[in-house]
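Below is one structure, written out as structure tokens, with a few remarks after it.
The values are calculated or read from the model by the stated rules, or taken from the named source; none is laboratory data. Since we're looking at a predicted model, the values are computed, not measured. Neighbour counts run over all protein chains shown; Cβ positions are idealised from the backbone, glycine included. Only protein heavy atoms, including side chains, enter the accessible area calculation; ligands, DNA and RNA are left aside. Shrake-Rupley method; radii C 1.70, N 1.55, O 1.52, S 1.80 Å.
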Amino acid sequence: MTETLAETAPEAEEPLPEFPMPRATGCPFAPPPTARALHSERPVARVRLWDGSAPWLVTGYADQRALLADPRVSAENSRPGYPHASAGFRENARRRRSFVTMDDPEHARIRRMVTGPFAIKRIEAMRPEIQKITDELIDTMLAGPTPVDLVRALALPLPSLVICKLLGVPYEDHDFFQRNSSLLINRHSTVEEVVGANEALTDYLDELVAAKLAHPADDMLSELAARVTAGELTQRDAANMGVLLLIAGHETTANMIALGTVALLENPDQLAVLRETEDPKVVARAVEELLRYLTIVHNGRRRVALDDIEIGGETIRAGEGIIIYTGTGNWDAEVFAEPERLDISRDARRHMAFGFGVHQCLGQPLARMELQVVYGTLYRRIPTLRLATGVDQLPFKEDGLVYGVYELPVTWTS
């Protein structure tokens, strides 16, 4: 009989740190103080999860890249020992598989089916349209009253509109898929809520794929429907891929737009550089630094060891869970000097905000381009943009897989 990690975890002399860890109240952008302390004292260490299991938390940049590129480390979330973020996530893993949580060669085979639309040339061709959407959303903001919630006015609708167009999903359904997406990525959601949200979204995408089978268009769902016709995917598999792409396509970028704006408003010298430049290289460099500085995917990259692995002075045994916490990796002073300082002139391209290795984020070209357009436009169009409340009053997202703010009230001088 297979023993669980919770049953086999060794007894510690002191209680293990609980994961996830709260952020510091003084600096909402920094990795949790406990994670940073572990990085300094014991960069490969056991932590305790919600179910009593004790996977390894890996906090150093070099160790993280080594593990993310190691074939002895599996992303399969159905394996015993995999460190699930909650009971809901575990139940969802039992019901639905995603190429994100598959290993090669199956992972590579399915991922190749959706790489084409995210090719850099195809994404760059969308830049004028994304610029137009951004300008129109800002026009609407400027024409209305202040303060305004930047999340609802710009940060959420922009990537939602873009991914809907790319996939072939009706934007008028955004309230439905945004509400269910939020339930799926919240670790406090109950098993029933997660399963219900997953079924609702999958059924919805299933209907859209069926419609594309009958009436294909120039979009990703039609391309997936063609794979169904060719016998490469089932219709339900295509729907599951659509769910993943829809959620990933709007949640992460929306949070980066909002949280990046907070970080820049709190660093006016850096904001001034962006506000005054029209150099796309300066903007692109700023995007990379903000991705490093914020690392909004703050649940860690979750894996399970397939073999014994010696790393960081510890031995991770086969079958033990691993959490690769890239937030501390991106603040590793051996790689990024003065990591606690936001410096948009820094060359931060080595960051791991999109992961590393074969599982790094498929949609990163699109995310980068959207952020370049927003960061290169918003602060020039509204040069007096400022928070309408104190940073300590903002509702930060501590409870989900993606860090950000639920609301961002801003104002400006007319």
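Scoring Ile316 on the criteria (1) within 15 Å of Gly260 (Cα to Cα); (2) in contact with an Asp or Glu (Cβ under 8 Å, 6 or more places away or on another chain) leaves a single failure, condition (1). Among residues that are modelled with pLDDT of 95 or more, surrounded by 20 or more Cβ atoms within 10 Å (Cβ to Cβ) and either hydroxyl-bearing (Ser, Thr, Tyr) or farther than 27 Å from Gly404 by Cβ (or both), Val47 is not included.
The residue of the stretch 228-249 that is most open to solvent (accessible area, probe 1.4 Å), among those that are outside any helix (DSSP H, G or I) and of a type outside the set (Val, Ile, Thr), is Glu232.
Of the helices (runs of 4 or more DSSP H) entirely within the stretch 250-349, those holding at least 3 residues that are open to solvent by 10 Å² or more (accessible area, probe 1.4 Å) occupy 268-276, 280-294.
Reported count of residues in the stretch 370-395, each being within 23 Å of Glu288 (Cβ to Cβ) and open to solvent by less than 50 Å² (accessible area, probe 1.4 Å), is 11. Contact map, the stretch 156-169: residues that are touching a residue at least 12 places away in the same chain (Cβ under 8 Å) paired with residues that are open to solvent by 20 Å² or more (accessible area, probe 1.4 Å) and outside any helix (DSSP H, G or I), Cβ distance under 6 Å, separation 6+ or inter-chain. Pairs shown: Gly168/Ala217. When the stretch 24-42 is filtered for residues that are touching a strand residue (DSSP E or B) at 6+ places or on another chain (Cβ under 7 Å) and either within 22 Å of Gly319 (Cβ to Cβ) or not in a helix (DSSP H, G or I) (or both), only Pro28 remains.
Pairs are defined by a Cβ separation below 6 Å, a sequence spacing of at least 6 or placement on different chains, a first member in the stretch 229-244 that is within 14 Å of Ile110 (Cβ to Cβ), and a second member that is open to solvent by 60 Å² or more (accessible area, probe 1.4 Å); the pairs so defined are Leu233/Arg227.
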